[in-house]
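Let me begin by handing over the structure; questions about it come next.
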Amino acid sequence: MKFLNVIFMFLCLSGFAQSKVGTINVDFVLSKMPEFTAAQAEIEKYGTQLDTDLEAKLAEYEVLIKDYQDNEATFTLKQKQEKQQAIITTENDINNFRQNGAKLITIKRDEVLRPLYKKIGVAIEAIAKELDYTQVLQIDDSLVYIDEDYDITVLVLKQLGVSLDPEKE
């Protein structure tokens, strides 16, 4: 029985020894894709629209406050309560809008960049299969050492048809 355990362990270890691991800097690839500029512009446009919407809400709030302050003496008790409720509702709306703004930008960014990441993923898969990689890790702050011989970033850029030569761009 021990003999079978030793053989099983040997087979497992030899399986690990045959793994080929590559690395890629996805953010670098993304930044070099021609579509990235349009995607970034779309995200910025969306952010500008959110800013415009916030400014409109703030202007509406200021109008409500000014109207209340200027006409408070002429309002009935019921009108005061209605105006105060409108002010509170607008304040809450502004606060919610501010809190959700960053989330909305993140959602939009994910939506716009998803097709680009998909293209990168397809290119990674093609390169990995072609070069018999079993795993490809994304380069980030958690990797301590990377052998440049196993970095497929440039290969993926070529697969995507992206040139690193600034004169050709």
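A short reminder: the numbers here are calculations on the coordinates, not readings from a lab. Worth saying up front: this structure is predicted, and the values here are computed from it rather than measured. A quick note on method: Cβ atoms are made from the backbone with ideal geometry, for glycine too, and the neighbour counts reach across all protein chains shown.
Give me the pairs: first residue in the stretch 67-90 and among the basic types (K, R), second residue part of a helix (DSSP H, G or I), beta-carbon distance under 9 Å, and six or more apart or on different chains, which are they?
If the second residue must be part of a helix (DSSP H, G or I), the pairs left are K80/Y68; K80/E72; K83/L64; K83/D67; K83/Y68; K83/N71; K83/E72.
Also, quick follow-up: Can you tell me how many residues within the stretch 127-144 are touching a helix residue (DSSP H, G or I) at 6+ places or on another chain (Cβ under 6 Å) and outside any strand (DSSP E or B)?
Result for the stretch 127-144: 1.
Give the residue, chosen from A123, A73, A41, A59, that is under 22 Å from the mean Cα position of the chain (by Cα), loosely packed, with under 12 Cβ neighbours inside 10 Å and assigned to a helix (DSSP H, G or I).
Criteria check complete, one pass: A41.
Please identify the pairs in which a residue from the stretch 33-54 that is more than 30 Å from D93 (Cα to Cα) has its Cβ atom under 6 Å from the Cβ atom of a residue that is surrounded by 14 or more Cβ atoms within 10 Å (Cβ to Cβ) and among the aromatic types (F, W, Y), counting only partners at least 6 apart or on another chain.
Going by the 6 Å Cβ cut-off, there are no qualifying pairs.
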